[in-house]
Amino acid sequence: ESYDEIEIGKHGLLLDEGGRALLLPQVASEHNYDRSQFLTSLCHKAGLYGEYWKERVLKLKVFTALVFCED
């Protein structure tokens, strides 16, 4: 799979690359991230340097999520 297939606002990411990190789909939407900012944020959260994703193919799991909120 390609990073180009990640859809902002639809896909969440789970990274298992030394450290582990998870970002829910709404994180990218709430912060107005583009794909590269989303991947950079994920790497930082996992304790990696931000540009790590540009140099390696990450061990990513892509998922969708249903968000429930109370009124």
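A few remarks follow.
- Taken over the stretch 53-71, the residue count meeting the criterion of being closer than 13 Å to Asp16 by Cα and either in contact with a helix residue (DSSP H, G or I) (Cβ under 7 Å, 6 or more places away or on another chain) or in contact (Cβ under 8 Å) with a residue 40 or more places away in the chain (or both) is 6.
- Output for the stretch 33-47, where each listed residue is within 13 Å of the chain's Cα centre (by Cα) and either outside any helix (DSSP H, G or I) or not polar (S, T, N, Q) (or both): Tyr33, Asp34, Arg35, Phe38, Leu39, Leu42, Cys43, His44, Lys45, Ala46
Let's see how each residue does on (1) small (Gly, Ala, Ser); (2) at pLDDT 95 or above; (3) out of contact with any His (no Cβ under 8 Å at 6 or more places or on another chain):
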residue	(1), (2), (3)
Asn32	no, yes, yes
Gln37	no, yes, no
Ser41	yes, yes, no
Val57	no, no, yes
Phe68	no, no, yes
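- Residues that are in contact with a Phe, Trp or Tyr (Cβ under 8 Å, 6 or more places away or on another chain) and assigned to a loop (DSSP other than H, G, I, E, B) within the stretch 5-21 comprise Ile6, Ile8, His11, listed in sequence order.
- Tally of residues being touching a residue at least 24 places away in the same chain (Cβ under 8 Å), touching a helix residue (DSSP H, G or I) at 6+ places or on another chain (Cβ under 8 Å) and buried (at least 18 other Cβ atoms within 10 Å of the Cβ) across the stretch 7-40: 8
The values are calculated or read from the model by the stated rules, or taken from the named source; none is laboratory data. Note that the structure is a prediction, hence the values are computed from the model and not measured. Ideal geometry is used to build each Cβ from the backbone, glycine not excepted, and the neighbour counts take in all protein chains shown.
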